[in-house]
Amino acid sequence: MKFTLNDTNGINGIERIDLREIINVFGTPNERKIERDSELKDFKVSFLYSEIDLEIFYRVNYYVEKDQAEYHSLSFIVNELYLDRGLTIKSGEDMRTILEKVEYYHKISHKDFEFEHEEDQYDGSYEFTNLNLTVYFEKDGTVGYLDDIFVDLPYEDDPEVPSLEEILYME
């Protein structure tokens, strides 16, 4: 399956957090994992679509003193992402090439080329704030190679959150 970055947020036409819409677009996941915080009501859900190389991480955080969700967030993790007009970034590519492509995409999209960069001896990341896009890389000597591509949807405050049972059996 081809994953295309939307003009605003998200991929493949999904622009806001809606688990039912995600399942309608990508189908039923092969695997679902739920992690709960032992002290708080917070939880994380991961959907794995092995045949299309897609992972989705959904997180819900609750107010400490209330039985109400404070916010939720969602990330798509892909190995290959289509930006625009045949412009693609994919795992294994040299980070210098990735940066050139993302900078060009910013230019043709009339967006400022802004990013946050972190790096150590073995790996690092670039967070492109205008695109809600983060790329992680591993280093081989002085050259970095793209490892993971995260496309984030903007988090939403005070959301309506489905129950864990609904999430487990959602189709």
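The values are calculated or read from the model by the stated rules, or taken from the named source; none is laboratory data. These numbers come from a predicted model, not from an experiment. Here Cβ is always computed from backbone atoms with ideal geometry, including for glycine, and neighbour counts include all displayed protein chains.
All but one of (1) in contact with a helix residue (DSSP H, G or I) (Cβ under 8 Å, 6 or more places away or on another chain); (2) farther than 26 Å from Asn130 by Cα; (3) not in a loop (DSSP other than H, G, I, E, B) hold for Lys33; which doesn't? So the condition that Lys33 fails would be (1).
Could you check segment 148-171 and list, in sequence order, the residues that are surrounded by 11 or more Cβ atoms within 10 Å (Cβ to Cβ) and among the acidic types (Asp, Glu)?
We begin by selecting, within segment 148-171, every residue surrounded by 11 or more Cβ atoms within 10 Å (Cβ to Cβ); these are 148-156, 158-159, 161-162, 164, 166-168, 170.
Hits for segment 148-171 are Asp148, Asp152, Glu156, Asp158, Glu166.
Taken over segment 48-83, residues that are part of a loop (DSSP other than H, G, I, E, B), of a type outside the set (A, V, I, L, M) and surrounded by fewer than 16 Cβ atoms within 10 Å (Cβ to Cβ) amount to 6. Comparison of Asp123, Asp140, Asp112 shows that the only residue that is more than 25 Å from Ile52 (Cβ to Cβ), surrounded by fewer than 16 Cβ atoms within 10 Å (Cβ to Cβ), in contact (Cβ under 8 Å) with a residue 12 or more places away in the chain and out of contact with any helix residue (DSSP H, G or I) (no Cβ under 8 Å at 6 or more places or on another chain) is Asp123.
Restricting to segment 129-171, count the residues that are part of a loop (DSSP other than H, G, I, E, B) and touching a Lys or Arg at 6+ places or on another chain (Cβ under 7 Å).
Of segment 129-171, the ones part of a loop (DSSP other than H, G, I, E, B) are 129-132, 141-142, 158-163, 170-171.
Okay, now just the ones that are also touching a Lys or Arg at 6+ places or on another chain (Cβ under 7 Å), so 130, 170.
So the answer is 2.
When the criteria are applied in full, Gly86 fails the requirement of being at positive phi and in contact (Cβ under 8 Å) with a residue 12 or more places away in the chain. One residue stands out among those in segment 38-87 that are out of contact with any Phe, Trp or Tyr (no Cβ under 6 Å at 6 or more places or on another chain) and among the β-branched types (Val, Ile, Thr): the one that is modelled with the highest pLDDT, which is Ile52.
Among the residues of segment 15-47, which ones are more than 17 Å from Glu160 (Cα to Cα) and surrounded by 15 or more Cβ atoms within 10 Å (Cβ to Cβ)? Reasoning before the result, please.
Looking only at segment 15-47, we keep the residues that are more than 17 Å from Glu160 (Cα to Cα), and these are 23-40, 46-47.
Within segment 15-47, Ile23, Phe26, Pro29, Arg32, Ser46, Phe47 meet the criteria.
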